[in-house]
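Where a number appears in this text, it was derived from the coordinates with a stated rule and is not lab data. Computed from a predicted model, the values in this text were never measured in an experiment. We place every Cβ from the backbone using ideal geometry, glycine too, and count neighbours over all the protein chains shown.
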Amino acid sequence: MAAYCSDCGEKLPEGARFCSHCGVPVSALVPSGAAVGEAGLVPEEVDAPSAEADQVAPTVPDREPERDTLTPIMFGGVGIVMVGLLIAALGSSISANQNEIANSQDILAVDAAAPIENAADSAAAASPARAWQYSSSEDNISGKQILTASVQSSNEIQQGFPYGESGLTATIRRHPRWGRDVYFTLGSGQLVCGVMDSCYALVRFDDGPARRVSLAEPSDHSSGTLFASGSLAASMLKAKKMVVEIEVYQAGRPQFSFDTAGLDAKRAGL
């Protein structure tokens, strides 16, 4: 099949790549007798593209999108800051808890010491130095002071009706006219003073031996009080403890214990 130039219409040799007349590249084959349009000959049949045309342009791979490295860094920085804040908060919480525990321990230590201090105060309140009771009154006849120092027994006895429980009181008295003496008084009930040698008490100071002390009734013959020699006062001043065994009506000869330490000699008139 003959081919013609699409530009000048000249017949082209078979296999020609350019028109030998006008030099235009051969792009189409136009058979003889084909109609020619305004723009030149229109090819009736199109030859297969040349070998160069058959070459396929290499495919250029799409460009991989650039990775955003700033965002991970920002998120990483924020994460580090948050972790740091969390650690700081935990540290503060732990420190606060430790302080609270320390304060609690301090509070527990103070609370534990309080009963000891209170017990010490109670012991001090009940100590012999505070157990003594002092009083003074005027003797209207002489116009001078009567001084007394009294201490209550640390134990009581149980008596039958109508007396019930009762303790014994030991009193040191300095009288301007009658001198110094010691007497024992039963809170309720009767102290027995028999005739001859039966009116006495057994008295023991600290770890010393017991001694027999003669007793006497008061001038008004009241049954709740018996007098002893004033020499007992000197022993009571030196001793810390005293035990007195004395006869009580319908109760035998019970023993009464006294804490005698801490006696103020001046206030007792010794």
Quote the FRET efficiency, to the nearest 0.05, computed for S222 versus Q250 with a Förster distance R0 of 25 Å and r equal to the Cβ-Cβ distance. 0.90
When D7, D264 are ranked with the fewest other C-beta atoms within 10 Å first, the list becomes D264, D7
Treating the Cα atoms of the stretch 130-268 as identical point scatterers in vacuum, please give the log10 of the normalised Debye intensity I(q)/I(0) at q = 0.17 Å⁻¹, two decimals. -0.94
With labels modelled as points extended 7 Å from the Cα through the Cβ direction, what inter-label distance (nm, one decimal) is found for S136 paired with L85? 7.9 nm
Going by amide H atoms built from the backbone, whose H comes under 5 Å of the H on H175, apart from near neighbours? R180, D181
